[in-house]
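A short worksheet on the structure shown next.
The values are calculated or read from the model by the stated rules, or taken from the named source; none is laboratory data. Note that this is a predicted model, so its numbers are computed, not measured. Because the Cβ atoms are built from the backbone with ideal geometry, glycine has one as well, and the counts that use them run over all protein chains shown. The accessibility values were calculated without ligands, DNA or RNA, using every heavy atom of the protein model including side chains. Shrake-Rupley method; radii C 1.70, N 1.55, O 1.52, S 1.80 Å.
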Amino acid sequence: MISISKLKFIDKFREVENLEIIENKSDVKRLSKDFYNYSPILTEKLDECIADLVVRPSDHKAVKEVAEICWELSIPLTLRGSGTGNYGQAVPLFKGVVMQMSQFNKLEEFDPSTGFVKVQSGCVMGDLNKQLEKYGRELRLLPSTWKTATIGGFIAGGSGGIGSIRWGFLRDPGNLIGLEAVTMNEKPALLKFDAEESEPLNHAYGTNGIITSLLLATDIKRKWYSLVIDCIEFEKTIEILKTLTSAAINLKLGAILEEEIVDQMPKWFKSKSRSHKVLIQSTFGGIKTIELICKKFKVESTLLGEEEKLVNGISEVVWNHTTLHMRSRDKNWTYLQMLLPLNNEIELINFLRKKWGKKVLWHLEAVSQQGSPRLAALPVLKWNGAEELNEIMEDCKKLGAFIFNPHVLTVEGGGLGVVDADQVKAKLRFDPKGLLNPGKLEGWEVKEQFKI
Ligand SMILES: Cc1cc2nc3c(=O)[nH]c(=O)nc-3n(C[C@H](O)[C@H](O)[C@H](O)COP(=O)(O)OP(=O)(O)OC[C@H]3O[C@@H](n4cnc5c(N)ncnc54)[C@H](O)[C@@H]3O)c2cc1C
């Protein structure tokens, strides 16, 4: 519990100009949550974690003043974009203040010579993409939540998604060019960071700086066409996807859904033929090549049309939206995230199928890892306790998969599993009291007075 009187601290925030204050209990509760309920483990840990107050600043001065008050009274401050994270990234473990950045939503600059866009952190990615259209550009990477999620939340809490087949992951060099952030010091300052200096703040869950704007590389805006390939044998879907990712065509997305997953997708997506599906987004120029490859594999493909013009596009059944649809049928589905072993994917999948049967259903995504095509997987699992989940993860690891565990709360636990010294150094410089989103960075010990 925070050792100061609640009244005293709310009064301080009331004096800040251009700051919306949300005190209503049900709103504060709603704005203290994200999509952590995809994990039964996190649900147990986080259901009681609710902020004391939510604030929404609309200028830099208000952000700095919020930070100053939090510093003065030693109140934890947790940043929030739209709260679509899956691992409780935006949940305030030690109560305090949640600051939602949704009023920071402007496209500030576009540089036609580089294609770099400077945008405020609370801008929703769907809106940003719309604004980029007039420059003939689009975002390189999108989570499947792009219609509601913010760009700041994606950088601070996400990893990749639609576009990762070409552009890899958010932390790959070249995607984030720079950022601006307010520090959590006695006198909070707005600092500018170049690409190298931004690295420790990229995917740090807002534990080492309040990001106010980002400088991002963008791609040429293309018309993406969506195509579905039907395939009876699962092994063949992998061969087809690998053939497509190494063909000389533009791709935005390449995913595989096992037949039992397809069965539980929304009605509009299901086809009459029962089969596994390969989902592809490519430019019109790539379609002929894809059809030729399908002919060689003796499989049928259906061109759905231009993704943006479809009432329901395939972007809505990929990445974690697959899990979303499964869970809307049965809340006992949960999931895992992993990079599959290079050229050993099918051995791993066959082993797990034999051992776990239909308790583990396969959803694969093609990604680029350090410039090379690779398959990631977001299998959905029937929840049967933490012990079974751990055994499934151990099986995957033994067979060469690299797990990004979505059932843990820390940056390190959900990432490479090791403390990133640069992230900790940045925290020491920009949040020396450890007030920003406490409890999410393993490399930083949480002070006693914040223990729940
Ligand atoms: C159905 C579903 C599908 C998803 N698909 C994907 C996917 O394809 N790829 C993917 O990577 N993720 C995915 N996610 C996770 C999530 O939607 C994305 O990461 C999204 O970009 C988060 O944005 P947000 O605005 O909701 O951030 P929030 O959830 O509000 O915040 C995420 C993290 O960023 C921090 N943060 C927010 N704003 C700031 C700021 N201004 N400064 C510093 N820190 C900040 C928060 O404290 C938190 O730690 C999915 C989630 C769901 C529920």
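Assorted remarks:
- Pairwise centroid distance, computed over Cα atoms, of the stretch 22-71 with the stretch 152-167, Å: 23 Å
- Sparse packing (at most 11 other Cβ atoms within 10 Å of the Cβ) combined with a DSSP loop state is found for the following chymotrypsin sites (Phe, Trp or Tyr not before Pro) in the stretch 226-277: Trp268.
- The slack in the chain from Lys192 to Lys397, taken as 0.36 nm per residue of separation less the alpha-carbon distance, amounts to 69.8 nm.
- Lysines with Cα under 22 Å of Lys221, excluding same-chain neighbours fewer than 8 positions away: Lys106, Lys118, Lys130, Lys134, Lys147, Lys252, Lys288, Lys309
- Based on protein heavy atoms only, the chain ends up with 43 Å² per residue of surface accessible to a 1.4 Å probe.
- Extension reserve of the Gln131-Asn344 stretch, reckoned as 0.36 nm per residue once the Cα distance is removed: 72.5 nm
- Of the beta bridges in the stretch 21-176, as assigned by DSSP with both residues counted there, near 55 percent are antiparallel.
- Counting only heavy atoms of the protein chains and using a 1.4 Å probe, Glu186 has close to 120 Å² of accessible surface.
- Proximal lysines relative to Lys447, as straight alpha-carbon distance under 25 Å, when same-chain residues fewer than 8 apart are discounted: Lys6, Lys8, Lys12, Lys29, Lys33, Lys45, Lys64, Lys95, Lys187, Lys425, Lys427, Lys433
- Remark: spin-label model distance Asp422-Trp268 equals 4.2 nm, labels positioned 7 Å along the Cα→Cβ axis.
- Nitroxide proxy distance, nm - points 7 Å out along Cα→Cβ at Asn312 and Ile287: 2.2 nm
- Shown for the chain: the carbon plus sulfur share of the solvent-accessible area, taken with all protein chains present and a 1.4 angstrom probe, equals 52%.
- Residues Arg80, Arg374, ordered by accessible area of protein heavy atoms at a 1.4 angstrom probe radius and largest first, appear as Arg374, Arg80.
- Packing, taken as the mean count of other beta carbons within 10 Å per residue, orders the peptides 396-403, 25-32 from highest to lowest as 396-403, 25-32.
- Projecting the Cα atoms of Gly434, Ser144, Leu215 onto the dipole axis of the chain, where Lys and Arg carry +1 and Asp and Glu carry -1 at the beta carbon, places Ser144 farthest toward the positive end.
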